[in-house]
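The values are calculated or read from the model by the stated rules, or taken from the named source; none is laboratory data. Quick caveat, the model's predicted, so the values are computed rather than measured. Neighbour counts are summed over all protein chains in view; Cβ atoms, including those assigned to glycine, are modelled from backbone coordinates with ideal geometry.
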Amino acid sequence: MANITYQDDKLLLEQIACDCGLQHGVPDMDIYIGRSLLERLPEYLRQRQLGSRVVVITDNVVYEVAGRTVVELLRAAGYAVKLCLLERDEPLLPNETALGEVLLTMETDTEFLLSVGSGTLTDIARYVSVCTGKPFACVGTAASMDGYTSVVAPLLHGKQKVNKPAGYPAVLVCDIEIMKTAPLEMMIAGFGDVVGKYIAKADWILGRIVNQEPYCPACVELIDEAVGHCVGAIAGIRAGTEEGIQRLIEGLVLAGLTVLVIGHTRAVASMEHNMGHYWEMLKLQREEDHPSHGTAVGVATGYVLRFYEQFLQADLDHLDLEAIKNQRWTEAQREEAVMQAYGRAVGRKLLDQEDNGLISWEEQVRRIRVLQENMAAIHSELTFLPSVSEVVAMYDRLGAPQTAAEIGIEGDLLRSSMLYGKDYRNRYSVFNAAWELGLLEQWVDRVLEKQ
Ligand SMILES: [Zn+2]
Ligand SMILES: [Zn+2]
């Protein structure tokens, strides 16, 4: 599947040939990417035999761009359409109100859902779909994130972010002519979500070396292709050309597909995502606006790359193990720090996740030793990481924000996200390595001094 191939605008998904030991699924999903696809939507849906009674979910902004056309085309083709138009003055939130509106638009004989929109609308449909047992399809209207093929719905319950397991669309239609009309900020967000994959890959390699984590080279190949695809198209993305947008959405879809292939997000999300999630959660608690997902990930990626520079420059041959041992927290100290950083309610939830406790001192020493013995190998495996200046140059060319301050993230949130982002879940990253080496705070301070 390393090369993108189409048959009549339909992406061909093949079985992955890989002997990494992980289970590889072929997503049961029809993905179309191309031009003038909306008019073919009724036919695409019919091929999938989803039924004829559909609830179309969109918001007032997307309705004008594509929603109205979709409804008209479906009605003309004989579909019984009920429209769930989520009308908002502010940006739409994936919360209990929106979910309730969709449920109240559905009837007992509704056969499937169709979302017309990008991240938020897809997530709303994804969750209602899984809760009601009705399939859903999706018309993607912006190349703003890699979640069209995700199986998790990030939603809001009260003011709290909740990640709910959910399904993926049976049909995904990405019409480039519509996607190119989305605001540049949305493409910048999409690009940020893709650039973050450099970090996800580097952290996964560290996890493989240090903890023998299962690692899928075929998924990494997909991610490489996705990233290369987008990085090679910066000028076109910025100018909003059809080719640029096509490459961006292809990159996002390819990256997202790895989640369906191996059933988890290891290949696409690590500390850059944790930092973005942290900013979002804390901003929600403070009742302030937060940057969009991909934009946050893109900015966080710059900080994590700087942090990687610290790691790769470090001399690990002369560590004082006694001093590192003395710095170790007790479980209670760590719990208190995490609850302080995330707020008590969220912090408690994170700590209660499986395997999200402190590792033993013996385990810490083992990991330190493995790092010390493998630094040469780590250096050579991580040569794919771009330098900070290369990423700065990319963001300049795209017109993307680069600092936390530019996207409204204050210094205290930034620092705290770098210190506690690793506690968001149990997923080994360079920040875990740094903490276990007793160097986390020092390196965070160095990165922040330099910005
Ligand atoms: Zn993402
Ligand atoms: Zn594999």
Quiz item: Within the range 181-217, which residues are within 16 Å of ligand 2 (Cβ to nearest atom), touching a helix residue (DSSP H, G or I) at 6+ places or on another chain (Cβ under 8 Å) and assigned to a helix (DSSP H, G or I)?
Solution: A200, K201, W204, I205
Practice problem: Considering only residues that are within 16 Å of T301 (Cβ to Cβ) and charged (D, E, K, R), look in the range 192-223 and name the one that is surrounded by the fewest Cβ atoms within 10 Å (Cβ to Cβ). | Solution: K201
Quiz item: Where in the range 21-140 are the helices (runs of 4 or more DSSP H), entirely inside, with at least 3 residues that are touching a helix residue (DSSP H, G or I) at 6+ places or on another chain (Cβ under 7 Å)?
Solution: 68-76, 96-105, 119-132
Quiz prompt | The lone exception for A189 - which of (1) within 30 Å of L22 (Cα to Cα); (2) surrounded by 20 or more Cβ atoms within 10 Å (Cβ to Cβ) it fails | solution = (1)
Quiz prompt | Which listed residue, of D289, D224, D317, is within 16 Å of ligand 2 (Cβ to nearest atom) and either in a loop (DSSP other than H, G, I, E, B) or among the charged types (D, E, K, R) (or both) | solution = D224
Quiz item: Just to be sure, is V139 in contact with a Gly (Cβ under 6 Å, 6 or more places away or on another chain) and either of a type in the set (A, V, I, L, M) or not assigned by TED's automatic domain parsing to the domain that holds L37 (or both)?
Solution: no
Quiz item: (1) in contact with a helix residue (DSSP H, G or I) (Cβ under 9 Å, 6 or more places away or on another chain); (2) more than 30 Å from G240 (Cβ to Cβ): which one isn't true of A323, the others all being true?
Solution: (1)
Quiz item: Residue check: is L13 in a loop (DSSP other than H, G, I, E, B), in contact with a Leu (Cβ under 8 Å, 6 or more places away or on another chain), within 16 Å of ligand 2 (Cβ to nearest atom) and not assigned by TED's automatic domain parsing to the domain that holds L284?
Solution: yes
Self-check item: Exclusive hit being buried (at least 24 other Cβ atoms within 10 Å of the Cβ), farther than 24 Å from N426 by Cα and within 12 Å of ligand 1 (Cβ to nearest atom), set L248, L252
Solution: L252
Quiz item: Which residues, taken from the range 284-302, are more than 16 Å from ligand 1 (Cβ to nearest atom) and either assigned by TED's automatic domain parsing to the domain that holds K159 or in contact (Cβ under 8 Å) with a residue 40 or more places away in the chain (or both)?
Solution: L284, Q285, E287, E288, D289
Self-check item: I378 at pLDDT 95 or above, farther than 22 Å from V231 by Cα and in contact with a Phe, Trp or Tyr (Cβ under 7 Å, 6 or more places away or on another chain)
Solution: no
Self-check item: Residue among K201, K197, K164 that is assigned by TED's automatic domain parsing to the domain that holds R126 and of a type in the set (D, E, K, R)
Solution: K164
Practice problem: Would you check if V81 is in contact (Cβ under 8 Å) with a residue 24 or more places away in the chain and under 22 Å from T149 (Cβ atoms)? | Solution: no
Practice problem: Could you check, for the range 85-97, whether at least one of its residues is buried (at least 18 other Cβ atoms within 10 Å of the Cβ) and over 29 Å from K197 (Cβ atoms)? | Solution: yes
